[in-house]
Amino acid sequence: MFIYRDDYYNKESPDKGLAEIIIGKQRNGPTDTVKLTFLGHYTKFENYAPDSFVGAFD
């Protein structure tokens, strides 16, 4: 597993608070990239909810 946060490398990134967990190697399963929300002040990751999804059920 690899963690990539664009805002760490690029301070002007439009994806602030977004982290990608890259599963690059797995013995008996697929490889993929998963997006998570990074909460830096808690050093915590949470499920990612895109802005277009917020309030969709109101």
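Among the residues of the range 16-31, those identified as over 15 Å from Arg5 (Cβ atoms) and in a loop (DSSP other than H, G, I, E, B) are Gly24, Lys25, Gln26, Arg27, Asn28, Gly29, Pro30, Thr31.
Hey, among the residues in the range 32-57 that are of a type in the set (S, T, N, Q) and either under 17 Å from Tyr8 (Cβ atoms) or part of a loop (DSSP other than H, G, I, E, B) (or both), which one's modelled with the lowest pLDDT? Result: Ser52.
Checking each residue in the range 1-50 for being polar (S, T, N, Q) and surrounded by 12 or more Cβ atoms within 10 Å (Cβ to Cβ) picks out Ser13, Thr37.
The values are calculated or read from the model by the stated rules, or taken from the named source; none is laboratory data. Here the structure is a predicted model, which is why all the values come from computation and not from measurement. So basically every Cβ, Gly included, is an ideal-geometry build from the backbone, and we count neighbours across all protein chains shown.
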